[in-house]
Amino acid sequence: MVQLKSVNKHYGSLHVLKDINLEVGKGEVIILLGPSGSGKSTLCRTINRLETIDSGSISIDGKILPEEGKELANLRAEVGMVFQSFNLFAHKSILDNVTLGPRKVRGLSKTEAEEEAMALLRKVGVDSQAQKMPAQLSGGQQQRVAIARALAMRPKVMLFDEPTSALDPEMVNEVLDTMVNLAREGMTMIVVTHEMGFARRAADRIVFLANGEIVEQATPDEFFSNPKSDRAKDFLGKILNH
Ligand SMILES: Nc1ncnc2c1ncn2[C@@H]1O[C@H](COP(=O)(O)OP(=O)(O)O)[C@@H](O)[C@H]1O
Ligand SMILES: [Mg+2]
């Protein structure tokens, strides 16, 4: 579903993605782990072309991501993204937040878009909040709306970049549970997270990144019980032993 071939990216003299080769199958859940600054966010952002790449190629469902233009907009719509900060439109209701994209990009009528949006809001458990404004919702609720909004575009892949890092601890699980449900329904997902319990539970594969390189890939069981590289051992030592 997602294929990166020899992807390289620099920020000036910083080689931030080094020859990344990664294939994500349909319905697969990949968890990207790695120290801060290792390039996880950059990797996510290149997959929907929020960042350009210097060389290599990225394809979604067999189609190479173009540099720009209408074709890029279409392909980008196939990749949903949820960030650490909720990024809802502050001056629009929850319902409008979810219907806006489908009306503009998918050309749905107001009624069609609202029906779909309500079903998605129900799925993530916030349908009772549809008429409210984002600021009236808790962080966990807002993040679930952000997930519904991304799903409303009918993406083939969902990217999550630390979706629970900005939440109060008691709200983390409601968002992770929503993501687990999505994974169970067969969504292809690439997730950056520091929630190791979730990573163990939900990942088909852990991809460990350090200094812009994929250092190790393994099943969660293998990775957490028997990390191969010193960098992965060091990383796990730091996050698990406190
Ligand atoms: N827009 C940018 N301009 C210059 N350097 C950047 C930019 N974005 C990220 N970086 C640098 O690229 C490296 C990787 O960043 P990032 O992908 O955000 O890592 P991670 O998400 O793993 O913490 C870091 O050294 C960061 O400082
Ligand atoms: Mg990051």
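Local charge sum around L176 (other residues, Cβ-Cβ under 9 Å, Lys/Arg +1, Asp/Glu -1)?
Neighbourhood net charge equals -2.
Would you work out what percent of the accessible area of segment 80-133, with all protein chains in place, is carbon or sulfur (probe 1.4 Å)?
52 percent
Report the normalised scattering of the chain as log10 I(q)/I(0) at q = 0.09, 0.15, 0.17 Å⁻¹, calculated by the Debye formula with identical scatterers on the alpha carbons.
-0.39, -1.06, -1.30
Using Cα pairs closer than 8 Å and at least 6 residues apart in sequence, work out the relative contact order for segment 123-242, in percent.
17 percent
Heavy atoms only, probe 1.4 angstrom, no DNA, RNA or ligands counted: give me H15, H194 ranked by accessible area, highest first. List each step's numbers first, then the result.
Working: H15 65, H194 90 Å².
Solvent-accessible surface, decreasing: H194, H15.
As a test of the formula, what do you get for the chain when each DSSP H run with n ≥ 4 contributes -39,500 (n - 2.57) and the sum is divided by the residue count, at 222 nm and rounded to the nearest 500 deg cm²/dmol?
After summing the helix terms and dividing by residue count, I get -11500 deg cm²/dmol.
Highest mean first, how do 16-24, 47-55, 63-71 rank when packing is the count of other Cβ atoms within 10 Å averaged over residues?
By packing density, highest mean first, the sequence is 16-24, 47-55, 63-71.
Quick check on segment 42-162: take the gyration tensor over C-alpha atoms, sort the square-rooted eigenvalues as a ≥ b ≥ c, and tell me if it's rounded (a/c under 1.5), prolate or oblate.
Values: a/c = 2.45, a/b = 1.67, b/c = 1.47.
The shape class here is prolate.
What percent antiparallel are the DSSP beta bridges of the chain, to the nearest 5?
DSSP beta bridges in the chain are roughly 55 percent antiparallel.
Using only the C-alpha atoms of segment 37-103, find the volume of their convex hull and express it per residue in Å³.
Expressed per residue, the convex hull around the Cα atoms of segment 37-103 is 119 Å³.
Could you check how much of the accessible area of segment 1-60 is carbon and sulfur, as a whole percent, using a 1.4 Å probe?
It is 46 percent, rounded to a whole number.
Using Cα centres only, tell me the gap between segment 16-81 and segment 138-207 in whole Å.
17 Å
Exceeding 19 Å between C-alpha atoms, which entries from my cross-link table qualify? They are K18/K238; K9/K156; K18/K63; K5/K63; K26/K63; K92/K132.
K18/K238; K9/K156; K18/K63
Per residue, how large is the accessible surface of the chain? Use a 1.4 angstrom probe and give square angstrom.
Working: 11350 Å² over 242 residues.
Heavy-atom accessible area per residue stands at 47 Å².
Considering only protein heavy atoms and a probe of 1.4 Å, how much of the accessible area of segment 191-230 is carbon and sulfur, as a whole percent?
40 percent
Taking Cα atoms, how many degrees apart are the long axis of helix 94-104 and the longest axis of the chain, rounded to 10 and kept between 0 and 90?
Helix 94-104 and the main axis of the chain meet at about 80 degrees.
Restricted to Cα positions, what overall size does segment 120-242 have along the principal axes? Three whole-Å values, descending.
Between the extreme Cα coordinates on each principal axis of segment 120-242 lie 51, 32, 24 Å.
The values are calculated or read from the model by the stated rules, or taken from the named source; none is laboratory data. Predicted, not measured: the structure shown is a model, and the values here were computed from it. Cβ: placed from backbone, ideal geometry, glycine included. Neighbour counts: every protein chain shown. Heads up: the accessible areas ignore ligands, DNA and RNA and are worked out on the full protein's heavy atoms, side chains in. Shrake-Rupley method; radii C 1.70, N 1.55, O 1.52, S 1.80 Å.
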